[in-house]
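Okay, so here's the structure we're looking at.
Nothing in this text is a laboratory measurement; each read-out follows from the coordinates by a stated rule. Nothing here was measured: the structure is a model prediction, and the numbers come from that model. We place every Cβ from the backbone using ideal geometry, glycine too, and count neighbours over all the protein chains shown.
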Amino acid sequence: MRISKPSVDTFKNAATVCMTSKSVKPIRVHVYVDMSAPNFIINAVKTLFVPADPQAQLRILGIASAVDSPTSVHPATDCDVCFVVCGQNNEAAAHVVAHYVENQVPCALLARSSVEVPALFSESDEALMGLIAASDASVLKQKLASWVVAVLAEKGIAFARAFCFARKAKVQQLVHSCALQNAAVGAINFIPGADMPIMTTNQMRLALDIAQVYGRERDFSRMGDIAAVVGAGMVYRSAARALLGAVPFMGIVAKAGIGFGGTVSTGRTLAARFELEDHIQQE
């Protein structure tokens with residue numbers, strides 16, 4: 001397959017832009033624990049909040065410290081997200097949440113059910129507050145991962161890099177977002193041939209983001225991933241052309257579908273590879 005020089009230059013420029021982007025800043029997490037909380041929640045938190053990123057900043061505090069030593073914590077300057085393990089001290093839990101939300105820091109309450117948390121939710125602060133109610137550790141893990149990647153947006157990459165339980169949820173979010181973008185590019189592209197560089201650049205950024213989620217650095221060691229993405233883009237473009245030749249009246253639908261499906265396939269393949277590498281290293 002012959003590749004035009006403009007396309008090659010586009011890929012080189014896109015790779016340079018992606019590779020020179022800033023690395024994610026380490027995540028800063030505060031966890032308040034009420035020791036009267038259910039044992040399965042406390043044990044789950046102990047298991048889940050073990051940083052895989054040595055640069056991540058994790059503080060574990062007793063719920064009483066929020067009332068006894070409130071000046072020792074400065075949410076606005078040293079925290080990105082807060083979690084409160086709820087027990088019987090609802091007054092202290094409410095104090096923690098109010099303090100963090102007031103400083104625009106997302107805060108989630110972890111409890112066995114909604115009746116075990118303080119009644120402090122308001123519509124104005126709803127975007128920053130979360131209730132993670134679960135009756136067992138596996139459900140808690142799933143809900144916790146979904147909430148944190150949704151509320152942290154871009155900082156979710158740093159969180160998932162540090163805490164492995166959130167990686168799959170963050171990758172799914174990244175892949176879905178990129179796939180929708182590429183589907184739109186395929187559907188509304190008006191300049192023949194211009195869609196491929198745009199889609200490929202989006203997939204390059206996706207590949208680098210996924211690499212960061214799995215603890216890899218965003219540098220030139222990722223050129224193998226970039227080359228794989230470009231190669232996959234060529235395959236998807238050939239498939240699109242073949243499909244258009246067979247059913248020309250389905251052009252927009254076909255290009256949008258291949259843009260979406262190809263991106264999902266690329267993202268899932270990269271994530272599976274990183275998970276396999278991590279599994280091999282742990283053995």
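Structure summary
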quantity	calculated
Two-site label geometry, Ser146 and Glu217: point separation in nm, points 7 Å out along Cα→Cβ	3.7
Gain upon complete extension [Glu126, Ala272; 0.36 nm per residue less C-alpha separation]	49.1 nm
Linear extension gain, Ile280 paired with Ser114, 0.36 nm per residue minus alpha-carbon span	55.7 nm
